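The values are calculated or read from the model by the stated rules, or taken from the named source; none is laboratory data. Since we're looking at a predicted model, the values are computed, not measured. Positions of Cβ are generated from backbone atoms using ideal geometry, with glycine treated the same way; all protein chains shown enter the neighbour counts.
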Amino acid sequence: MIVEREMAVSGPQTLFDKIWKSHLVDEQEDGTCLIYIDRQLIHEITSAQAFDGLRQSGRKARRPEANLCVPDHNVPTTPGRGGTEEIEDDESRIQLEVLENNAAEFGLPYISINDERQGIVHVIGPEQGFTQPGVTLVCGDSHTATHGAFGALAFGVGTSEVEHVLATQTLIQRPAKNMRITVNGSLPRGCTAKDLVLAIIGKIGTAGGTGHVIEYAGPAIEELSMEGRMTVCNMTIEAGARAGLVAPDEKTFEYLKGRPQCPKGGQWEAALERWNQLPSDNGAKYDTEVKLDVSEIVPQVTWGTSPEDEIGISGNVPDPADVTDANRRSAMERSLEYMNLKPGTKMTDIEVDKVFIGSCTNSRIEDMRAAAEIAKGRSVAPTVYAMVVPGSGLVKMQAEEEGLDKIFTEAGFHWREPGCSMCLAMNGDMLLPGERSASTSNRNFEGRQGPGGRTHLVSPMMAAAAAITGHLTDVRDFLK
Amino acid sequence: MDKFTKLTAVAAPLPIVNCDTDKIIPARFLKTLTRTGLGKNLFDPLRFDPKTGEENPDFVLNKPAYRNAEILVAGHNFGCGSSREHAPWALLDYGIRCVISTDFADIFYNNSSKNGILLIKVTPGELEKLMDGAERGANATMTVDLENQEITNSDGKKIKFEVDPFKKHCLLNGLDDIGLTLQKENSISSYEEKQKASEPWLYA
């Protein structure tokens with residue numbers, strides 16, 4: 001977007017300002033900047049046309065080792081799925097083969113679906129230490145904001161920009177505005193990072209962050225684990241902002257130390273020294289400030305077809321007639337018609353057909369543990385199909401070491417191989433027309449989980465609870 | 001990419017707020033390996049019945065007057081959601097070269113301009129007038145003049161608009177970003193030398 005903004009030249013700087021300035025390669029008179037990109041993650045859906053573009057113009061990848069390729073969106077999650085050659089769907093198999101061939105042709109590191117490190121790009125980047133504080137990181141995927149949890153400036157780009165980064169290791173950008181969201185209080189029992197970020201989106205709206213980079217700060221953010229911070233940053237795009245950031249701290253360094261691609265030995269100390277300079281300076285200026293307190297929130301659930309359509313689980317489906325803004329009212333009416341919901345219905349009376357625990361928002365080990373805590377010793381309702389899709393092979397292995405897979409399968413959940421799965425329903429894991437899900441993913445758009453499918457976004461604990469009762473459920477009832 | 005200079009065409013009204021990229025082109029159509037051929041699936045959830053696959057006669061682009069629309073007048077926050085460039089590719093493949101709204105999602109905005117699609121941001125009052133203009137069916141012809149940054153509504157009234165000067169330059173001339181950036185090769189190389197010295201672990 002056209003953002004006219006003067007960045008402070010001296011004086012206190014924000015985390016975003018610091019990363020931006022340290023990556024500035026060139027600045028034109030009209031304010032258009034060329035910024036250096038340190039890292040790029042590449043998956044099969046948004047890259048084929050970029051590699052084609054390079055081939056057509058006879059260009060090479062400038063720094064192959066600055067990229068990491070992995071298939072995730074389109075991979076089967078069927079247990080014992082085998083290799084690429086065993087994928088039945090022709091289009092899917094070809095798309096994976098094309099990625100594999102492109103990676104080989106241009107010399108880019110590639111993780112295949114047989115590799116235990118395979119998983120969703122936004123899960124494996126941090127796992128491999130590919131994601132680091134202070135770097136610029138992009139991917140042809142809007143949920144790239146996830147990596148901001150490490151204090152990296154990370155954002156989604158289109159395929160033309162994927163090609164641009166491959167060819168030049170830079171992007172043409174204008175600086176974003178700074179927004180700080182300060183989250184006070186402490187999350188109550190039954191509420192998680194997912195509930196926190198849904199509450200934020202409900203407050204600022206799905207276009208509330210457009211043109212901004214959002215820095216999340218305050219005690220409730222500091223208290224979150226790295227997994228929780230990733231969940232919050234992941235959904236930043238659902239508030240319209242391309243990137244979310246959390247200042248790196250001891251938790252960040254603890255998570256990263258010893259990861260395969262992180263600096264080692266003396267370089268680790270040098271990196272720490274640099275990373276410790278990153279947090280925003282006292283007195284840094286933000287274009288927009290938002291504050292909220294989460295100590296009183298209840299578990300969140302969406303009722304409509306935009307992530308901003310959220311409400312506490314103890315609430316009722318809202319009535320468009322109560323809304324004065326005509327645009328908002330007609331959007332609500334359309335949402336409710338699509339969702340087949342009547343105003344005033346208790347949220348906990350809404351029955352679900354499928355439950356999906358997974359996606360780049362909620363498929364890390366902490367999410368698996370939270371869902372298993374609810375599933376333990378209980379059974380999935382006979383009317384429900386419930387699937388758990390770990391975010392990576394490493395998450396899956398860790399969960400199996402802890403016996404979580406047994407807890408899930410004994411309760412009647414299906415334990416799957418890693419991938420994006422039913423979050424966007426490209427790989428055959430999907431809702432049928434009219435089916436309704438409780439899903440730990442990030443988007444409840446019309447048709448997102450399958451044509452005519454209806455999605456309610458929730459946390460992993462809430463999803464597990466809905467699987468057991470067969471309807472949207474206040475997970476706090478299970479925690480008494 | 002094709003140049004965008006001046007366009008006179010039918011404008012279709014699409015007053016949906018937060019029209020997301022899953023509505024513009026659902027994920028199941030992203031298995032393609034090319035940039036073309038996506039027009040037939042543009043707005044699939046709105047254009048076709050999810051159960052029967054038949055055309056929904058109420059959807060604007062299915063109405064005879066709007067089948068050849070090249071301009072969309074859309075509700076607030078058009079293009080939110082995923083980063084898929086398939087969204088502008090689908091618009092372009094269908095024949096849409098210009099979208100007018102009160103706001104666009106950031107990634108969609110960037111992706112569109114890289115494909116020769118002009119996105120124009122107007123005020124809510126102006127959008128209302130243009131939406132009215134677009135409601136006139138086959139008579140809803142508008143003219144978009146990028147050089148002069150001016151829309152001529154179907155009633156002949158003119159509305160000025162703002163555009164990022166660099167994007168305007170690229171659109172008017174159909175310029176390839178990568179070619180422009182590679183002219184700055186020396187700056188990129190010297191940046192890398194400096195970074196290699198200060199953060200060698202990024203080059204391990």
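Below are the figures for this structure:
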read-out	value
Qualifying positions in segment B:171-193 - charged (D, E, K, R), more than 7 Å from every other protein chain (Cβ to nearest Cβ) and surrounded by 12 or more Cβ atoms within 10 Å (Cβ to Cβ)	B:176, B:192
Some residue of segment A:372-395 being basic (Lys, Arg) and within 14 Å of chain B (Cβ to nearest Cβ)	no
Qualifying positions in segment A:181-200 - surrounded by fewer than 24 Cβ atoms within 10 Å (Cβ to Cβ) and not hydrophobic (A, V, I, L, M, F, W, C)	A:182, A:184, A:185, A:186, A:188, A:189, A:190
For residue A:103: the one exception among (1) within 13 Å of another protein chain (Cβ to nearest Cβ); (2) assigned to a helix (DSSP H, G or I); (3) within 25 Å of the chain's Cα centre (by Cα)	(1)
Test for residue A:323: is it of a type in the set (A, V, I, L, M, F, W, C) and surrounded by fewer than 19 Cβ atoms within 10 Å (Cβ to Cβ)	yes
Boolean, residue A:480 is modelled with pLDDT under 95, more than 14 Å from chain B (Cβ to nearest Cβ) and surrounded by fewer than 20 Cβ atoms within 10 Å (Cβ to Cβ)	yes
Criterion: part of a loop (DSSP other than H, G, I, E, B), within 22 Å of residue B:199 (Cβ to Cβ) and touching a residue at least 24 places away in the same chain (Cβ under 8 Å) - qualifying residue of A:260, A:318	A:260
Any hit, segment B:130-148, residues being out of contact with any Phe, Trp or Tyr (no Cβ under 9 Å at 6 or more places or on another chain) and within 14 Å of chain A (Cβ to nearest Cβ)	yes
Helices (runs of 4 or more DSSP H) lying entirely in segment B:97-182 (those with 1 or more residues that are closer than 17 Å to residue B:75 by Cβ and among the small types (Gly, Ala, Ser))	B:106-113, B:124-134
Positions within segment A:241-270 being among the hydrophobic types (A, V, I, L, M, F, W, C) and over 17 Å from residue A:125 (Cβ atoms), in sequence order	A:241, A:247, A:268, A:270
Single residue of A:2, A:45, A:94 found to be within 12 Å of another protein chain (Cβ to nearest Cβ), in contact with an Asp or Glu (Cβ under 6 Å, 6 or more places away or on another chain) and either at pLDDT 95 or above or in a loop (DSSP other than H, G, I, E, B) (or both)	A:2
Residue within segment A:167-190 that is within 28 Å of residue A:371 (Cβ to Cβ), assigned to a helix (DSSP H, G or I) and of a type in the set (Lys, Arg) present	no
Residues of segment B:37-83 classified as within 14 Å of another protein chain (Cβ to nearest Cβ) and assigned to a helix (DSSP H, G or I), total	5
Subset of segment A:265-314 [polar (S, T, N, Q) and over 17 Å from residue A:218 (Cβ atoms)]	A:267, A:276, A:277, A:300, A:302, A:305, A:306, A:314
Criterion: surrounded by fewer than 23 Cβ atoms within 10 Å (Cβ to Cβ), aliphatic (A, V, I, L, M), touching a Gly at 6+ places or on another chain (Cβ under 6 Å) and at pLDDT 95 or above - qualifying residue of A:298, A:317	A:298
The lone exception for residue A:78 - which of (1) within 20 Å of residue A:173 (Cα to Cα); (2) among the β-branched types (Val, Ile, Thr); (3) more than 12 Å from every other protein chain (Cβ to nearest Cβ) it fails	(1)
Enumerated helices (runs of 4 or more DSSP H) restricted to segment A:378-476, each holding at least 3 residues that are in contact with a strand residue (DSSP E or B) (Cβ under 9 Å, 6 or more places away or on another chain), among the polar types (S, T, N, Q) and crowded, with 24+ Cβ neighbours inside 10 Å	none
Residue check, residue B:135 of a type in the set (Asp, Glu), closer than 18 Å to residue B:7 by Cβ and either surrounded by 14 or more Cβ atoms within 10 Å (Cβ to Cβ) or in contact (Cβ under 8 Å) with a residue 12 or more places away in the chain (or both)	no
Segment A:105-130, residues that are under 13 Å from residue A:260 (Cβ atoms) and buried (at least 20 other Cβ atoms within 10 Å of the Cβ)	A:111, A:124, A:125, A:126, A:127, A:128, A:130
Any chance residue A:144 is under 24 Å from residue A:458 (Cα atoms), of a type in the set (Ser, Thr, Tyr) and assigned to a helix (DSSP H, G or I)	yes
Residue A:285 within 14 Å of another protein chain (Cβ to nearest Cβ), part of a loop (DSSP other than H, G, I, E, B), over 17 Å from the mean Cα position of the chain (by Cα) and not polar (S, T, N, Q)	no
Residue under evaluation residue B:106, criteria (1) within 14 Å of chain A (Cβ to nearest Cβ); (2) among the acidic types (Asp, Glu); (3) over 18 Å from residue A:156 (Cβ atoms), criterion not met	(3)
Positions within segment A:90-107 being out of contact with any Cys (no Cβ under 7 Å at 6 or more places or on another chain) and hydrophobic (A, V, I, L, M, F, W, C), in sequence order	A:94, A:96, A:98, A:104, A:106
Single residue of A:151, A:107, A:140, A:158 found to be within 19 Å of residue A:230 (Cα to Cα), in contact (Cβ under 8 Å) with a residue 12 or more places away in the chain and in contact with a Lys or Arg (Cβ under 9 Å, 6 or more places away or on another chain)	A:140
Filter result (of a type in the set (A, V, I, L, M) and within 18 Å of residue A:303 (Cβ to Cβ)) within segment A:458-478	A:458, A:462, A:463, A:465, A:466, A:472, A:475
Meets criteria (closer than 17 Å to residue A:246 by Cα, within 11 Å of another protein chain (Cβ to nearest Cβ) and of a type in the set (Ser, Thr, Tyr)) for residue A:136	yes
Single match in A:39, A:55 (criterion: of a type in the set (D, E, K, R) and over 30 Å from residue A:280 (Cα atoms))	A:55
